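K.L.:
The structure under discussion is supplied below as structure tokens; questions concerning it will follow.
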Amino acid sequence: MTIRVLIADDQQMVRTGFRMILDAQTDIEVVAEAADGVEAVELARKLRPDVCLLDIRMPKQDGLQAAMLLSGPAVADPLRVVIVTTFDMDEYVYSALRAGASGFLLKDAGPALLIEAVRAAAGGEALVSPSITVRLLRHLSKPPAAPRVNPLSERELDVVERVARGRTNSEIAADLFLSVSTIKTHLESVRAKIGVRNRVEIAAWAWENNIVG
């Protein structure tokens, strides 16, 4: 099954580079390019790609606004969005998570991580560049305003803490001596209990609630 991708970036060189990397994969096809956020939203709604790669700083409409229109909480049939940018400012990451993004990568993360992020998003997972996962999501950690009842089991907390540190399902399974399918089951339970939609939001929830020390 081919993963159909839309690339949105205001720099032609970046779009060309991403296209070359992704089109070289047998399971990925770039179906459209956009030079601004408005065009990205129009093309995405028309073509319904499996994954939308959005830069943050674009003319007419930035990538975060475009992400909110394509994958935000108010979208009935959301698309999968991965934010790719040169800027790793904390507020950008936080806004991307709240816009429903399925991943957040820096442009210098390298071809392998770009490909992995596209495949992860297409498969319903999420990937945040390891170079920013802990450093930036840590800033989301805030003391709770009032004591909260933690709805998660001890094993689920073990899984969530590792997700918040950027570990993959395979790595978590190895750490906890469990199967990958069991880890996926735990993550489904976590999503239902804390009311989030994807892996990135699980990580944000963990940092916000001081699950990670």
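K.L.:
Could you list which residues have their amide H under 5 Å from that of residue 83, counting only those 5 or more apart in sequence or on another chain, with H placed in the peptide plane?
P.N.:
Those qualifying (amide H under 5 Å, at least 5 residues apart or on another chain) are 54, 102, 103, 104, 105.
K.L.:
Can you spot the aspartates and glutamates whose alpha carbon is less than 13 Å from residue 60's alpha carbon? Ignore those fewer than 8 places along the same chain.
P.N.:
Correct list for residue 60: 9, 10, 36, 39, 42.
K.L.:
Would you kindly find the accessible area of residue 158, with a 1.4 Å probe and non-protein molecules such as ligands, DNA and RNA excluded, rounding to the nearest 10 Å²?
P.N.:
Accessible area, nearest 10 Å²: 40 Å².
K.L.:
Keeping all protein chains in place, calculate the accessible area per residue for the range 166-213 (probe 1.4 angstrom), answer in Å².
P.N.:
In whole numbers, the range 166-213 has 45 Å² accessible per residue.
K.L.:
Further question: Ignoring ligands, DNA and RNA, what accessible area per residue does the range 3-128 give at 1.4 Å, in Å²?
P.N.:
I get 43 Å² per residue for the range 3-128.
K.L.:
Right, another one. Quick check on the range 16-63: take the gyration tensor over C-alpha atoms, sort the square-rooted eigenvalues as a ≥ b ≥ c, and tell me if it's rounded (a/c under 1.5), prolate or oblate.
P.N.:
oblate
K.L.:
Where the accessible area of the range 3-128 is counted over protein heavy atoms with a 1.4 Å probe, how much of it, in %, is carbon and sulfur?
P.N.:
54 percent
K.L.:
Would you kindly state how much longer the chain becomes between residue 74 and residue 192 on full extension, computed as 0.36 nm times their sequence separation minus their alpha carbon distance, in nm to one decimal?
P.N.:
So the extension gain works out to 40.6 nm.
K.L.:
Would you mind telling me the share, in percent, of accessible area of the range 154-209 contributed by carbon and sulfur at probe 1.4 angstrom?
P.N.:
49 percent
K.L.:
Then there's this: Between residue 31 and residue 174, what FRET efficiency follows from the Cβ-Cβ distance if R0 is 22 Å, with the result rounded to 0.05?
P.N.:
According to the calculation, E is roughly 0.05.
The values are calculated or read from the model by the stated rules, or taken from the named source; none is laboratory data. Not measured: the values here are computed from a predicted model. Glycine also receives a Cβ, built like all others from the backbone with ideal geometry; neighbour counts cover every protein chain displayed. Note: areas computed on protein heavy atoms with side chains; ligands, DNA, RNA excluded. Shrake-Rupley method; radii C 1.70, N 1.55, O 1.52, S 1.80 Å.
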